[in-house]
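Okay, structure first, notes after.
The values are calculated or read from the model by the stated rules, or taken from the named source; none is laboratory data. Because the structure is predicted, anything quoted here is derived from the model rather than measured. Here the Cβ positions follow ideal geometry from the backbone for every residue, glycine too, while neighbour counts run over all protein chains shown. Keep in mind that these areas ignore ligands, DNA and RNA; they rest on the heavy atoms of the full protein, side chains included. Shrake-Rupley method; radii C 1.70, N 1.55, O 1.52, S 1.80 Å.
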Amino acid sequence: MDGFIPYQPARVTPEQVAASLAEQYQVADQRRTVRQFSTDPVPRVAIEHALLIAGTAPSGAHKQPWTFVAIQDPAMKERIREAAEEEERTFYESRITDEWREALRPLGTDFVKTHLTDAPWLIVIFRQDYGVREDGTRDKHYYMTESVGIATGFLIQALHRAGLCCLTHTPSPMTFLRDICGRPLNEKPFLVLAVGYASPDATVPDLARKPLEEIAQFM
Ligand code: IYR
């Protein structure tokens with residue numbers, strides 16, 4: 001068919017597949033969300049490659065409905081922190097429900113968001129609800145949330161495999177991010193990823209992951 005090219009990835013044996021995935025699981029299981037970041041720098045080229053990896057994600061009708069805004073400018077990070085903390089303060093002081101407060105208790109979170117200024121990079125991820133063609137007409141996008149979620153997963157795993165830490169942060173509401181990042185109206189903030197090294201005194205909650213039997217069913 002027109003527009004198709006051959007694709008034949010190197011064939012590996014079932015034994016190699018199993019060994020590779022067992023090894024990948026060991027690595028993936030080491031990942032933890034970190035809230036205390038070192039201010040040590042991470043080179044821009046590292047972030048560029050991580051974003052290229054994110055951009056390899058599958059997407060609805062291959063519309064690639066994502067924009068990644070990578071911020072290292074201290075003044076911009078400060079603006080984002082101030083705006084996020086203002087939102088979070090009202091969340092923790094009034095909008096939060098009792099059930100939600102209980103769910104967050106083991107994480108020890110509050111409205112203070114030091115990671116937004118400590119981490120050397122903030123990657124603000126936007127979901128494009130539609131595209132805009134050169135003539136200004138709208139290009140329909142499909143499964144935007146699924147697509148940008150998959151791309152974000154690729155990004156988080158790539159950063160982890162390179163030895164970096166990140167924190168997925170979803171200030172709510174987060175429309176301020178579109179203004180600060182200067183993004184157009186077809187884009188909605190999806191989440192903020194703080195990226196860097198863990199601070200030397202970083203700790204994480206002692207949490208367990210659900211076992212395979214609980215997350216999967218084989219039929
Ligand atoms: N957005 C708030 C609250 C929060 C909500 C969930 I769900 C978390 O897993 C963690 C925090 C905050 O960032 O503090």
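Only one entry of 138, 178, 209 meets the criterion of being at pLDDT 95 or above, touching a strand residue (DSSP E or B) at 6+ places or on another chain (Cβ under 8 Å) and open to solvent by 80 Å² or more (accessible area, probe 1.4 Å), and that entry is 138. For segment 14-21, the count of residues that are closer than 26 Å to residue 171 by Cα and not hydrophobic (A, V, I, L, M, F, W, C) is zero. Restricted to segment 50-78, and to residues there that are free of Cβ contacts under 8 Å to residues at least 24 places away in the same chain and part of a helix (DSSP H, G or I), the residue that is farthest from residue 193 (Cα to Cα) is 62. Could you check segment 98-134 and list, in sequence order, the residues that are of a type in the set (Ser, Thr, Tyr) and modelled with pLDDT of 95 or more? Once the filter is applied, which keeps residues that are of a type in the set (Ser, Thr, Tyr) and modelled with pLDDT of 95 or more, segment 98-134 yields 114, 117, 130.
For beta carbons closer than 9 Å, sequence separation of 6+ or different chains, a first residue in segment 176-199 that is without any contact (Cβ under 8 Å) to a residue 12 or more places away in the chain and a second that is not in a loop (DSSP other than H, G, I, E, B), the qualifying pairs are 179/83; 182/69; 185/178.
Within segment 35-45, is there a residue that is within 16 Å of the ligand (Cβ to nearest atom), under 17 Å from the mean Cα position of the chain (by Cα) and open to solvent by 50 Å² or more (accessible area, probe 1.4 Å)? Taking every residue of segment 35-45 in turn, at least one turns out to be within 16 Å of the ligand (Cβ to nearest atom), under 17 Å from the mean Cα position of the chain (by Cα) and open to solvent by 50 Å² or more (accessible area, probe 1.4 Å). At least 3 residues being away from the ligand (no atom under 15 Å from the Cβ) and over 23 Å from residue 50 (Cβ atoms) is the threshold, and among the strands (runs of 3 or more DSSP E) wholly inside segment 97-153 those reaching it are 130-132, 138-140. Pairing residues of segment 97-121 that are of a type in the set (D, E, K, R) with residues that are open to solvent by 30 Å² or more (accessible area, probe 1.4 Å) and away from the ligand (no atom under 11 Å from the Cβ), at Cβ distances under 8 Å and at least 6 apart in sequence or on separate chains, gives 113/81; 118/36; 118/39.
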